[in-house]
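Inspection log for the structure reproduced underneath, given as structure tokens.
Readers should treat all values here as calculations from the given coordinates under stated rules, not as data from a laboratory. All values derive from a computational prediction rather than experimental measurement. Positions of Cβ are backbone-derived with ideal geometry, glycine not excepted, and every protein chain shown enters the neighbour counts.
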């Protein structure tokens, strides 16, 4: 298993997927991350999704960890977004991956 960069290794990663998702994309991403040594805390169904896949961080100290996810997810067009102005942020060290309405993920 590859070494995970320290900021990412200490992160809590959540995958948000459309509540109606049946394509297994979130589960495939969780397996892909697990093979790279990144634990996914939970997969959460949501009603509103972005138009493109996003990685969100809520504290400047977590930006490096969010950016460290991008090469692990190579082949997908992820946007890394700063949500530090979010009114009710989760605890520090939390990263959220948001999947759009439909998304093909390889590497199951």
Legend entry - Ranking of 32, 79 by count of other Cβ atoms within 10 Å, fewest first: 79, 32
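Classify the chain as rounded, prolate or oblate from the Cα gyration tensor: take a ≥ b ≥ c as the square roots of its eigenvalues, call it rounded if a/c is under 1.5, otherwise prolate when a/b beats b/c and oblate if not.
Working: a/c = 1.68, a/b = 1.10, b/c = 1.53.
In terms of gyration-tensor shape, oblate.
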Inset, instruction - Would you calculate the separation in nanometres between label points at residue 88 and residue 51, each defined as 7 Å from the Cα along the Cα-to-beta-carbon direction? - result: 2.8 nm
Inset, instruction - Give me the percent of DSSP beta bridges within the chain that run antiparallel, rounded to the nearest 5. - result: 20 percent
Legend entry - Estimated inter-spin distance, residue 36 and residue 63, nm [label 7 Å along Cα→Cβ]: 2.0 nm
Inset, instruction - Determine the shape class of segment 11-64: with a ≥ b ≥ c the square roots of the Cα gyration tensor eigenvalues, call it rounded for a/c under 1.5, and otherwise prolate if a/b is greater than b/c, oblate otherwise. - result: oblate
Legend entry - segment 7-85: relative contact order in percent, alpha carbon pairs under 8 Å with at least 6 residues between: 34 percent
Legend entry - Residue list for segment 10-24, given a label point 7 angstrom along the Cα-to-Cβ vector of residue 44 and an amide N cut-off under 14 Å: 12-19
Inset, instruction - Answer rounded, prolate or oblate for segment 34-78, using the Cα gyration tensor with square roots of eigenvalues a ≥ b ≥ c: rounded when a/c is under 1.5, else prolate when a/b is larger than b/c, else oblate. - result: rounded
